[in-house]
Amino acid sequence: MAKLIAVNEEVYAKLKRLKGTSSFSTLLDGLIEKKSGDIKKYFGVWRDKDNLDKLEAEITTNRKIAGLKRKKYLAGV
């Protein structure tokens, strides 16, 4: 069963170029599969502990900032 979706003209043009002779359904299915691929292929990519420590610190900082912004937003609601 087919379902209709709406996209703006720019997105439609990009999808049309990507799909070539295949269907939009085939294109979208392929993009979804590619996006949700196997995470195991990334295991061991970052072996340098210094870079991992910096990345972890940056993520922690960004989460704290996001949490504070969310609290301020919710307090204003």
Practice problem: Could you please let me know if Leu74 is in a helix (DSSP H, G or I), surrounded by 10 or more Cβ atoms within 10 Å (Cβ to Cβ) and among the aliphatic types (A, V, I, L, M)? | Solution: no
Quiz prompt | Filtered residues of segment 14-57 (kept if out of contact with any helix residue (DSSP H, G or I) (no Cβ under 7 Å at 6 or more places or on another chain), within 21 Å of Lys3 (Cβ to Cβ) and among the aliphatic types (A, V, I, L, M)) | solution = Leu28, Leu31, Ile32
Practice problem: Of all residues in segment 17-51, count the ones that are charged (D, E, K, R), surrounded by 10 or more Cβ atoms within 10 Å (Cβ to Cβ) and under 17 Å from the mean Cα position of the chain (by Cα). | Solution: 1
Quiz prompt | Matching option when the condition is surrounded by 10 or more Cβ atoms within 10 Å (Cβ to Cβ) and assigned to a loop (DSSP other than H, G, I, E, B), among Val7, Val11 | solution = Val7
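Quick note: the coordinates plus some simple rules give every number you see, no bench work behind them. Everything numeric in this text was worked out from a predicted model, so none of it was measured. Methodologically, a virtual Cβ is constructed for each residue, glycine included, from the backbone with ideal geometry; neighbour enumeration extends over all protein chains shown.
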